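Before any comments, here is the structure.
Read-outs: derived from the displayed coordinates by stated rules, not from any lab. As the structure is a prediction and not an experimental result, all values here were calculated from the model. Glycine gets a Cβ as well: all are built from the backbone with ideal geometry, and neighbour counts include every protein chain shown.
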Amino acid sequence: PLCVSSGVLRLVDARAGAARPPQDNGAACRVAVEILSTGDSPNYHRVTAYPSTYKERWAHSMAARCGADGGRAIAAKMMRLQHSSDPVRLGSLTLAARDLRDAAVFQAATRIARNPSVSVEARAFALRSLIWTLDPNVEVLYRGLIGLGGSVCPSGGRSEARPPTGAPLPADYREQIGELVERLTGSTTEPASVRHAATCTGSVLALVRGRS
């Protein structure tokens with residue numbers, strides 16, 4: 001789950017099925033996609049023992065196991081939430097990007113991050129998705145990502161990146177991220193939090209390129 005304590009958003013990994021994995025991932029994936037698309041599924045309790053209060057978070061996490069179908073569902077919901085300012089919902093949804101490197105998620109994240117008409121929070125979380133596209137092992141707290149309280153950008157992570165499990169990323173995805181970072185950090189009209197998140201994204205990109 002995601003917890004807000006003393007104004008700090010802390011990400012706690014509650015990946016679906018960690019305690020009680022569903023016996024049929026195909027059925028669970030269909031339910032997860034349905035929940036992401038419509039908000040509910042009559043079959044939820046047939047595929048997981050998690051209570052209904054975890055339904056949305058379960059669907060976000062489960063969809064990350066569902067390949068390209070999950071990627072499309074996550075990306076579509078990212079677009080629907082692009083005007084949201086709710087860090088808990090945005091954080092739960094984009095946490096799936098840590099476990100699914102997928103073209104649709106990547107495209108949604110880049111569209112949201114560059115769009116000045118959507119919420120600042122959605123743009124910051126979209127940039128976090130791009131950080132995890134580069135290296136899913138980097139620890140990223142929202143407070144640090146947007147530069148609050150003197151927090152610094154994330155660093156570290158392992159050199160091994162997980163292989164893509166959804167639709168293949170564009171061959172030039174790093175270049176696309178680099179161009180986006182340059183555009184956002186070079187603008188004087190972008191909100192400071194977006195510029196800081198873009199700077200952090202650029203730092204991770206430099207680390208990843210340095211390993212290549």
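Observations on the structure shown:
- What the phi angles of segment 205-212 give under the Karplus curve with 6.51, -1.76 and 1.60, with θ = phi - 60°, is a coupling list of 4, 5, 5, 5, 5, x, 7, 6 Hz, glycine and proline written as x.
- Along segment 56-68 the Karplus relation, 6.51 cos²θ - 1.76 cosθ + 1.60 evaluated at θ = phi - 60°, assigns HN-Hα couplings of 5, 5, 4, 4, 4, 5, 5, 4, 5, 9, 10, x, 5 Hz to successive residues, with x for each Gly and Pro.
- Shape analysis of segment 13-133 places it in the prolate category; the axes a ≥ b ≥ c from the Cα gyration tensor give an a/c of at least 1.5, with a/b above b/c.
- With an a/c value of 1.5 or above and a/b larger than b/c for the gyration tensor axes a ≥ b ≥ c computed over the alpha-carbon atoms, segment 41-198 is described as prolate.
- FRET E, pair Val88, Ala68, Förster distance 22 Å, beta-carbon r, rounded to 0.05: 0.25
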